[in-house]
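Report on the structure given below.
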Amino acid sequence: MVGRGRRATDAPDGARSRAFRWRVALVEDHLLQRRRAEDLVGAQSGLDVVWSGETLPDLLSWLETVGDGRRPHLVLLDLMVDRGPSVDPEQVRRLVRSGIRVLVLSAMSSPDLVRKVMRAGVAGVVGKRDPEEDVVAAIWTVLGHGHWTSPELARILAAGSDRPQLSDQEERALVLYASGSTMEAVAEALGVKKDTAKKYLSRVKAKYAAAGRPARTKLDLNHLALQDGYLDPPSRP
């Protein structure tokens, strides 16, 4: 089911009367966002943050050292597309198979990765731009063995039928260039020569053209990146 409409303070039926408290682990590489997530989860009656850190491998290592009484019931997982390596879907699958529910918190900058972790068995995806009450409602929904789909994710998936498949480097080049970076800056960020960065973007344009969505200018690429969820829409004033 898709969980919608639950107030931020509403727990699943009977959850607050349980003898134990729900244990939550947080994986988020941005310190300020991680601290805010800790505060948000910790403020909910019946929830305890039992682990908080930067990477999924760190969490998996910690899980090997603790007993069942410390293991989280749920992991709130940032995909970390913008900083450091992306989450490995196989590691997500390991978590799910161990009985831990996984709720992805994503900026939706890599829809392909979101699709991969969904296939790995995560219980839901909530957008980083979603209201905090939706994040909390998603947590309670997943703890109640439901599923949560962010409206933003639904929009991206619905638009995915004519979305070309890009390689990781092509996707990164598109995001950087469509965000306003110069070709030189794109090359530097990717750790390649300028000519190589140009080739990546040429391939991106060719793939979009083959999908019937040609992009001739930087502005065209920006529009396509927004439509396909590679970029967040501009903040409203």
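The values are calculated or read from the model by the stated rules, or taken from the named source; none is laboratory data. Please read all numbers here as calculations on a predicted model, not as lab measurements. Virtual Cβ from ideal backbone geometry, glycine too; neighbours counted across all protein chains shown.
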Practice prompt. Can you run down the residue pairs with Cβ atoms below 7 Å, 6 or more apart or on separate chains, where the first is in the stretch 86-110 and part of a strand (DSSP E or B) and the partner is of a type in the set (Ser, Thr, Tyr) and at pLDDT 90 or above?
Written response: none
Item to complete: Select, from LEU105, LEU74, the only residue that is surrounded by 17 or more Cβ atoms within 10 Å (Cβ to Cβ), modelled with pLDDT of 95 or more, in contact with a strand residue (DSSP E or B) (Cβ under 7 Å, 6 or more places away or on another chain) and within 21 Å of ARG35 (Cβ to Cβ).
Response: LEU74
Fill in: Evaluation of SER167 against (1) exposed (fewer than 15 other Cβ atoms within 10 Å of the Cβ); (2) over 20 Å from the mean Cα position of the chain (by Cα); (3) of a type outside the set (Val, Ile, Thr) (one fails), failing number
(2)
Worksheet item: Name the pairs whose Cβ atoms lie under 9 Å apart, with the first residue in the stretch 27-41 and touching a residue at least 12 places away in the same chain (Cβ under 8 Å), the second of a type in the set (Phe, Trp, Tyr), and 6 or more positions between them or separate chains?
Response: VAL27/TRP51
Worksheet item: Can you name the condition, by its number, that TRP62 falls short on among (1) modelled with pLDDT of 90 or more; (2) over 21 Å from THR141 (Cα atoms); (3) loosely packed, with under 15 Cβ neighbours inside 10 Å?
Response: (3)
